[in-house]
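Nothing in this text is a laboratory measurement; each read-out follows from the coordinates by a stated rule. Source: prediction; values computed, not measured. Ideal geometry is used to build each Cβ from the backbone, glycine not excepted, and the neighbour counts take in all protein chains shown.
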């Protein structure tokens with residue numbers, strides 16, 4: 001897309017060009033209030049109850065953190081990426 005203003009030419013990007021391509025890797029981070037001790041690195045995960053695009057994706061756990069606290073009990077944080 002090109003705009004002309006007072007005789008000079010300037011380039012502007014199409015608004016949709018800033019969106020990631022469908023093949024770009026996606027990430028999904030979530031804290032599970034009820035900890036999952038069986039969650040481990042590089043496990044494959046299917047989500048349920050989210051947007052259709054998220055539920056239809058197979059996710060690969062890239063980082064897992066298990067927490068145990070007096071106030072919050074046992075929880076698990078997951079960082080996941082789309083499979084490559």
Pairwise label distance in nanometres, residue 26 with residue 75, each label 7 Å out on the Cα-Cβ vector:
2.4 nm
Amide N proximity, the range 34-51 versus residue 58 label position 7 Å along Cα-to-Cβ, cut-off under 12 Å:
43-46
